[in-house]
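**Q** Can you keep this structure in mind? I'll have questions shortly.
Bear in mind that the values in this text are calculations on the coordinates, not laboratory data. Only a predicted model underlies this, so the values are computations on that prediction, with no experimental measurement involved. Please note: Cβ atoms are built from the backbone with ideal geometry, for glycine as well, and neighbour counts cover all protein chains shown.
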Amino acid sequence: MTEENVRDTAQENPGNVVENRSEPPSGEGLLQEVMAKKATIKERDARIAELEAAEENRRTTKLEDEGKLKELVSELKSTNVKQASRLERADKIEAQLKTDIINSITSDESKREELQTKDLDTLRFIQNEIGTKIVNNPTESLGATRVPKGKFDLSKMTDEEKRENWPEVIQSFMNK
């Protein structure tokens, strides 16, 4: 008889029935939904980290209260050793990265020594600034000679050009 009551209730409240939609949600709405879920996940992860830290503090306090300081000291020493090895690996990685960036920036030994004192963010900034500069090469082809100002080739000049530039032509011959 309870099944009949449930069926009757479902038939009386058709607004509570879940509709199955066959059309996919729009891309913008889906993106917003994904971003909202990511934010929720980040909040939950932060909360979990807080709870784990609080639990560790509670456990540490409990061990101190029970007089098990030797266990606590040994745990802290092992944690310290693990952290020290991770720090050493991170320092090696950072030193190699700095060396690679400095090598890409300059080949001058004195500049390398100066750059070695800079932090990684500064070196990356310098590398990006140097990498974005555009080299302005001359438009002349290689091997082409340039005629310096004041030098005139009289054989290629017309009579009118000679008249217009006569003082400069005379001056160029006097400077020879």
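**Q** Between K82 and D119, what is the label-point separation in nm under the 7 Å Cα-to-beta-carbon projection?
**A** 2.8
**Q** Give me the Kirkwood hydrodynamic radius of region 28-125 in Å, from all C-alpha pairs, to one decimal place?
**A** 18.4
**Q** Still on this model: Which value results when the Cα radius of gyration for region 84-131 is divided by 2.2 N^0.38 Å?
**A** 1.20
**Q** Given charges of +1 on the Cβ of Lys and Arg and -1 on the Cβ of Asp and Glu, with all other atoms neutral, how large is the dipole of region 84-131 about its Cα centre, in debye to the nearest 20?
**A** With Lys and Arg at +1 and Asp and Glu at -1, about 200 debye.
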